[in-house]
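Colleague: First the structure, which I've put down as structure tokens, then a few questions once you've had a look.
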Amino acid sequence: MPERAISDIDFNQSEQLILSIRLGTDGFSFTIHSSSNKQPEAFLHKETMPSLPFIANLKQLFSELDFLGRSYKQIRILWVSSRFTIVPLSLFDEKQVELIFGYTYLRTENEIVLYNILKGNDTVLLFGIDKNVYQYLIEQYPQANVHSHITPLIDYFSGCDYGAKKDFSRKMYIALYEQRIDICCFEYKRLIFINSFEYQHIDDCIYYILHIWKQMDLNQETNKLYLTGTIPDKERLMRELKSYILNVHAIKTKDQIPVDMQTLSV
């Protein structure tokens, strides 16, 4: 757990603080930390009201939470959605983002396409975001950096190097949330697979993981699987996976804070 609740933060010095906002159908999350501390110092999660449109929930929170009206040194926004795709950096054309995104997804009404450049992986991640939500956020925070929730995970997992020697074998990394699972595969530090799935039961997670493990031709005895995040059935998930895969490991994270928010701060 973070050391303090957001209500305990001294906002008289907010210009020295970094605010991170995570927007998802499961609710809105907020972390605050100083520029000298990479880990969140305070955390708050608010559930959305299903009876209200997403944008109405967002506007209501901004009217209720005083700290959202403060000035900050930096503001980072995570948009949680499985509507993303990646393209090689060498082939990226900013003028073609709408067209490229349309090759993967049928366009939805009131959606705009943004992108994050992942220089460490020589890729660009394109993602769709609700136009009204985006415009409202930029009106509040013109200087904000908007990311797909998957962007900090790719940056974090590609930088993981467990063990004294460089391991060039393929690895799978899993980020766990209640009702969502993100799966990334790397060959050394090069991203070779990324996708996000919603689930209702832990058996769904096991299916997705084992299906992609087979699809990526990973070896049950030599390749490694890393899991991070917190869900009620995590121990059961690990037990089940270990009956199929020899090297299953847990990456420790703070409870309650979504793992994508934690990797955003690393």
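Please treat every number below as a calculation from the coordinates, not as lab data. Computed from a prediction, not measured in an experiment: that's the story for all the values here. We place every Cβ from the backbone using ideal geometry, glycine too, and count neighbours over all the protein chains shown.
Colleague: So, in nm, how far is label residue 179 from label residue 211 when the simple model puts each one 7 Å beyond its Cα toward the Cβ?
Modeller: Inter-label distance under the simple model: 2.0 nm.
Colleague: I need the Kirkwood Rh of the chain: take the reciprocal of the average 1/r across all distinct C-alpha pairs and report it in angstrom.
Modeller: Working: mean 1/r = 0.0509 Å⁻¹.
Taking every pair of different Cα atoms in the chain, averaging 1/r and inverting gives 19.6 Å.
Colleague: Hand me the trypsin sites (Lys or Arg not before Pro) from region 72-178 located in a DSSP loop with no more than 16 other Cβ atoms within 10 Å, in residue order please.
Modeller: 73, 107, 165, 166
Colleague: Filter the chymotrypsin sites (Phe, Trp or Tyr not before Pro) in region 165-231 to those in DSSP coil with at most 16 other Cβ atoms within 10 Å of their Cβ, and list the result.
Modeller: On the way: sites: 168, 173, 177, 186, 188, 193, 197, 199, 207, 208, 213, 226; in loops: 168, 188, 199.
Passing sites in region 165-231 are 168, 188.
Colleague: I've got another one for you. Could you tell me which residue out of 128, 210, 196 lies farthest along the dipole of the chain toward its positive end? Charges go on the beta carbon: Lys and Arg +1, Asp and Glu -1, centred on the Cα centre.
Modeller: 210
Colleague: Calculate the FRET efficiency for residue 254 and residue 95 from the Cβ-Cβ distance with a Förster distance of 45 Å, rounded to the nearest 0.05.
Modeller: Values: r = 41 Å, r/R0 = 0.90.
Calculated transfer efficiency: 0.65.
Colleague: Hey, what did the chain get for relative contact order, percent, Cα under 8 Å, at least 6 apart?
Modeller: The normalised contact order for the chain reaches 16 percent.
Colleague: Taking the beta-carbon count within 10 Å as an exposure proxy, list 81, 90 from fewest neighbours to most.
Modeller: Details: 81 17, 90 8.
Ascending number of Cβ neighbours within 10 Å: 90, 81.
Colleague: Scan the chain and hand back the longest stretch that contains none of the GluC sites (Glu not before Pro) lying in DSSP loops with at most 13 other Cβ atoms within 10 Å.
Modeller: The reported range is 110-177.
Colleague: What is the spin-label model distance, in nm, from residue 34 to residue 197 if the labels are put 7 Å beyond Cα along the C-beta direction?
Modeller: According to this spin-label approximation, the distance is 4.3 nm.
Colleague: Here is a follow-up. So for region 50-171: antiparallel DSSP bridges make up what percent, rounded to the nearest 5?
Modeller: Working: 13 of 17 bridges.
Bridges in region 50-171 that DSSP calls antiparallel: roughly 75 percent.
Colleague: Kirkwood Rh over alpha-carbon pairs of region 4-79, then Stokes-Einstein at 37 °C and 0.692 mPa s: what D in µm² s⁻¹, rounded to an integer? The partial results should precede the final answer.
Modeller: On the way: Rh = 12.9 Å.
Once the numbers are plugged in, D ends up at 255 µm²/s.
Colleague: Could you quote the convex hull projected area for region 84-148, Cα atoms only and averaged over all directions, in nm²?
Modeller: Details: hull surface 18.5 nm².
For the Cα atoms of region 84-148, the hull's average projected area reads 4.6 nm².
Colleague: Relative contact order of region 98-211, please, whole-number percent, based on alpha carbon pairs below 8 angstrom and at least 6 residues apart. The partial results should precede the final answer.
Modeller: Numbers: 123 pairs, mean separation 17.7, N = 114.
Rounded, it is 16 percent for region 98-211.
Colleague: Calculate for the chain the 222 nm mean residue ellipticity that helices alone would give, adding -39,500 (n - 2.57) per DSSP H run of length 4 or more and normalising by residue count, nearest 500 deg cm²/dmol.
Modeller: Details: 7 runs with 67 residues, N = 266.
For the chain, the value works out to -7500 deg cm²/dmol.
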